[in-house]
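Reading through the structure tokens given below for one structure.
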Amino acid sequence: MDLTQLIAGASGGGGIDFPKGVDRNEPGEGSYLPTIPQSGVTNAGVSYFNAKGNHWAVADTNLFDFGTSAFSFETFVTPTTGIGYQTVAEKDEEWRVSINESKGELTLAVWDASLASNNWVIAQAKLDGTNSFTGSVDYYIGVVATPGASNTAVTLYYQNLTDGGDLLSAERTIAGVTSIHNTTNSFLLNGDTNQRAVRYMDEVRIVTRALGESELLVAAAADPSGFDAFVDKYDLSGDPSANADNDELTDWGEYVFGGNPTNSGDIGTQPSLVSGGYLFSIVGDNTLQYYVLTNTNLVEGGWGTNTGPVAITDESGELGSYTNAVGTADDELFIKLLVE
Ligand SMILES: [Ca+2]
Ligand SMILES: [Ca+2]
Ligand SMILES: [Ca+2]
């Protein structure tokens, strides 16, 4: 469901004031709300609710009629300090996502029409204890609700973006609810009174199916890995053939052999030959493979593959040791290690 389109045509509903789209803070609260949602479209702004009951209101459409279908809701949010319970998103008498800044709870409530009263029934977790939601800290939250034959299964997702925490999740069950109640009520983002309002929100996504963990918005915004992480760590150009410290190894070589690309005195662990065994170390990155190439005569001969490609299965990021028997039969043998 493209909420961007829906919100573009939305009114401020019955709130105190229209919410505002503002530039992302740099740094401070709201600064960790990502600029690139899974659609790949960058944006500089966030929704600023300013702890007031301003909200985006989207009129009901059949896109919201989930029925017995699973659905997923995700957003990035900055809670308000000192007001406890805060509504993140709500479709009255259907479903509601809320956080509690004082108790640390993330809650999906769904409406159980079969009950005579107290119809909101909940799935709730304190993903990181009672301090899960601190005012002015940026968080990712997600809920995945899957109605079944006798209950609704719910997965709650949570990540503290400001402090760089892991993505955490909890499984819950809402007994007795086998479909999502359908009304014509509007969909609201943010609470409609200033006692229930968040500070910032961005990148809201609703999908009419159960998203897997690898499909979540935070999966797209995950930290770079492998050579990309090495480039970030040492502030390199990103060109594998560059040589930032002008030693004998390219930046790529420094990555592969565990060197320091900004210290010409450190070229990592270089291959060595011990009684017919070619010993070498390669960084634990399972996207890599290596070949050991040999040549008996650098002037006339060609390089042959002694072994390879051999996939690296280690994914630790630490150097791993490998060995390849090249033998001692030749009077002269040139050995080359190719890693790609
Ligand atoms: Ca409806
Ligand atoms: Ca270098
Ligand atoms: Ca170096």
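Each value in this text was obtained by applying a stated rule to the coordinates, not by laboratory testing. The model shown is predicted, which means the values in this text are computed figures rather than measured ones. Counting neighbours? That spans all protein chains shown, and the Cβs are built from the backbone with ideal geometry, glycine included.
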Can you put Phe76, Phe66 in order of Cβ neighbours within 10 angstrom, beginning with the fewest? Phe66, Phe76
Taking the Cα centre of region 206-310 as the origin, how large is its charge dipole in debye, to the nearest 20, when only Lys and Arg (+1) and Asp and Glu (-1) carry charge on their Cβ atoms? 420 debye
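So what's the projected area for the chain, the Cα convex hull averaged over all directions, in nm²?
Dividing the Cα hull surface by four gives the mean projection, 22.9 nm².
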Counting only residues 5 or more apart in sequence or on a different chain, those whose built amide H sits under 5 Å from that of Glu101 are Gly84, Tyr85, Gln86
Using the number of other C-beta atoms within 10 angstrom as an exposure proxy, rank Thr269, Thr130, Thr75 with the fewest first. Thr130, Thr269, Thr75
Most mobile of Ile312, Ile122, Ile141 in a GNM of the chain (Cα contacts under 10 Å): Ile312
Could you list Lys52, Lys336, Lys103 so that the one with the fewest beta carbons within 10 Å of its beta carbon is first and the one with the most is last? Lys336, Lys103, Lys52
Amide H proximity to Tyr278 below 5 Å, modelled H, separation 5+ or other chain, gives Asn324, Ala325, Val326
With only helices counted (DSSP H, runs n ≥ 4, each -39500 (n - 2.57)), the per-residue ellipticity at 222 nm for the chain, to the nearest 500, works out to -2000 deg cm²/dmol
Out of Val274, Val144, Val110, a Gaussian network model of the chain with alpha-carbon springs under 10 Å gives the largest mean-square fluctuation to Val274
Estimated vicinal HN-Hα couplings, Hz - region 254-261 in sequence order (Karplus 6.51, -1.76, 1.60; Gly, Pro = x): 4, 5, 5, 9, x, x, 10, x
What percentages, rounded to whole numbers, describe P(r) for region 217-340 computed over all alpha carbon pairs with 10 Å bin width beginning at zero? 13, 38, 33, 14, 3, 1
So what are the three principal axis dimensions of region 40-122 from its Cα atoms, in whole Å, longest to shortest? 42, 33, 20
Kindly write out, for region 111-124 in residue order, the coupling ³J(HN,Hα) from the Karplus curve 6.51 cos²θ - 1.76 cosθ + 1.60 (θ = phi - 60°), rounded to whole Hz, with x marking Gly and Pro. 8, 9, 5, 6, 8, 6, 7, 6, 6, 6, 10, 10, 10, 9
Could you tell me which residue out of Ser31, Tyr234, Trp120 lies farthest along the dipole of the chain toward its positive end? Charges go on the beta carbon: Lys and Arg +1, Asp and Glu -1, centred on the Cα centre. Trp120
Mind listing which trypsin sites (Lys or Arg not before Pro) in region 174-271 are in a DSSP loop and have 13 or fewer other Cβ atoms within 10 Å? Arg209
What net charge is computed for the residues neighbouring Gly165, neighbours being all others with C-beta under 15 Å from the C-beta of Gly165, Lys and Arg scored +1, Asp and Glu -1? -4
³J(HN,Hα), Karplus 6.51/-1.76/1.60, whole Hz, each residue of region 264-279, x for Gly, Pro: 5, x, 10, 10, x, 9, 8, x, 9, 10, 10, 6, x, x, 9, 9
Identify which of Thr146, Thr184, Thr262 has the largest mean-square fluctuation in a Gaussian network model of the chain, with springs joining Cα atoms closer than 10 Å. Thr262
